[in-house]
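What follows is a set of notes on a single structure, which appears directly below.
The values are calculated or read from the model by the stated rules, or taken from the named source; none is laboratory data. What you are looking at is a predicted structure, and each value in this text was computed from that prediction instead of being measured. All Cβ positions, glycine included, derive from the backbone under ideal geometry; neighbour counts span all protein chains shown.
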Amino acid sequence: MRLTHPEPPAVDLPPAFLAFHALHHPHYLAYAGAHLPPEDATAAVREAFGDVVAHWSAIVSHPNPTARAWEHFTRCIDARTPPLPLNTNRTLEYQAVVLHLIAGCSIPVTADTTGQHPSKIRYLLHAWHDRTARPQRS
């Protein structure tokens, strides 16, 4: 008897996930690219979207599915790399700084990507800038 490797099963992804992927992939990749070399960023984003689709039913049943998907994504990135030295211990503030100031996403895109309101992103960026612009006291 000869052993053969069967073809992997074809997977039909939910249309809503495909739309979500098309919309968010560039920004997720930009965020990952701020932390990892290009090949590693691509692999990390692919793995993260695999995690998102594996939890898709729970994500879309959440009151803010975009924010929930972003949480899954950033957990995957955080597992691969340490945070950048940005002088913040606030998770969403850190993510907003990376997306907006390092990856070059606009405030509306940063808000859409993280599932937050643009005013919240503006506030977080302003708070971070104020804190980091102040001279440090000895």
(request) Could you check T81 against (1) under 30 Å from A133 (Cα atoms); (2) polar (S, T, N, Q); (3) at pLDDT 95 or above and say which number it fails? (result) (3)
(request) Of the numbered conditions (1) touching a residue at least 24 places away in the same chain (Cβ under 8 Å); (2) touching a Ser or Thr at 6+ places or on another chain (Cβ under 7 Å); (3) not aliphatic (A, V, I, L, M), Y94 fails exactly one; give the number of that condition. (result) (1)
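Mind telling me which of the residues R46, R68 ends up being in a helix (DSSP H, G or I) and more than 23 Å from G104 (Cβ to Cβ)? First the steps, then the outcome.
Values: R46 fails: more than 23 Å from G104 (Cβ to Cβ).
Of R46, R68, the one residue that is in a helix (DSSP H, G or I) and more than 23 Å from G104 (Cβ to Cβ) is R68.
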(request) Scan segment 35-67 for residues that are in contact (Cβ under 8 Å) with a residue 40 or more places away in the chain and over 19 Å from V98 (Cβ atoms) and report the count. (result) 5
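May I ask you to verify whether H72 is in contact with a helix residue (DSSP H, G or I) (Cβ under 9 Å, 6 or more places away or on another chain) and farther than 17 Å from V45 by Cβ?
Numbers: in contact with a helix residue (DSSP H, G or I) (Cβ under 9 Å, 6 or more places away or on another chain): yes; farther than 17 Å from V45 by Cβ: no.
No; evaluated as a whole, the condition is false for this residue.
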(request) Collect the residues in segment 119-132 that are farther than 22 Å from H72 by Cβ and either free of Cβ contacts under 8 Å to residues at least 12 places away in the same chain or surrounded by fewer than 20 Cβ atoms within 10 Å (Cβ to Cβ) (or both), keeping them in residue-number order. (result) S119, R122, Y123, L125, H126, A127, H129, D130, R131, T132
(message) With the requirement that a residue be in a loop (DSSP other than H, G, I, E, B) and either of a type in the set (V, I, T) or modelled with pLDDT of 95 or more (or both), what does segment 91-138 give you?
(response) A103, G104, C105, S106, G115, Q116, H117
(message) For segment 76-91, give me the residue count where each residue is in contact (Cβ under 8 Å) with a residue 12 or more places away in the chain, aliphatic (A, V, I, L, M), surrounded by fewer than 18 Cβ atoms within 10 Å (Cβ to Cβ) and within 24 Å of F49 (Cβ to Cβ).
(response) 1
(message) For the structure I just gave you, tell me whether P85 is under 20 Å from K120 (Cβ atoms) and outside any helix (DSSP H, G or I).
(response) no
(request) Considering each residue of segment 92-135, count those that are more than 12 Å from the chain's Cα centre (by Cα), closer than 23 Å to V52 by Cα and of a type in the set (S, T, N, Q), and give that number. (result) 1
